[in-house]
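Below: the structure, in structure tokens.
What follows is calculated from the coordinates using simple rules that are stated; it is not laboratory data. Since the model is a prediction, treat every value here as computed from it, not as a measurement. Please note: Cβ atoms are built from the backbone with ideal geometry, for glycine as well, and neighbour counts cover all protein chains shown.
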Amino acid sequence: MMCSCAGNKRGKRKVKRYKKSEVVPEGPTLKGKKVDSSFMKEFLRESMYCGNCREVFSLSSNELKIHCNICDEFFHCGVAGECIGADCLIKDNYGKPKHRARYCNGCVSEIYNKETCLCKNCGSK
């Protein structure tokens with residue numbers, strides 16, 4: 001009786017698989033590039049739209065305030081602040097608060113002052 005898998009190398013090859021939620025980069029990537037002064041100068045020349053007023057602003061202007069966690073847009077005006085809800089708190093490995101999620105005016109249920117708010121997710125609980 002002859003084995004049908006004598007020359008098969010299939011078990012030795014490793015196929016790269018991506019997770020369903022993983023973003024697969026297209027085109028040139030930053031892998032292998034150094035983040036030096038010339039890279040930063042080129043990066044800071046980039047421009048983007050504000051999610052509130054739709055005006056174009058450059059990254060070098062230091063006007064960027066937040067990236068909203070719900071609507072996934074960048075804002076330099078119309079900022080509600082950081083959410084004080086328990087679900088929006090990111091802790092470090094030692095259990096100490098590290099970062100709170102920030103939101104725009106359209107994605108919050110309550111605004112307490114210029115720096116704190118409750119997002120729609122935390123406000124509905």
- Note on the structure: Taking R0 as 25 Å and r as the Cβ-Cβ distance between GLU115 and SER61, the FRET efficiency 1/(1 + (r/R0)^6), rounded to the nearest 0.05, comes to 0.70
- Item | Shape of segment 39-123, Cα gyration tensor, a/c cut at 1.5 | oblate
- Message: Cβ neighbours within 10 Å, averaged per peptide: list 86-96, 45-55, 67-77 in order, most packed at the top.
- Response: 67-77, 45-55, 86-96
- Task: Treating only the Cβ atoms of Lys and Arg (+1) and Asp and Glu (-1) as charged, compute the dipole magnitude of segment 39-123 about its Cα centre; round to the nearest 20 debye.
- Result: 200 debye
- How many nm is it between the label spots at LYS125 and ARG100, if each spot is 7 Å from the Cα in line with the beta carbon? 1.4 nm
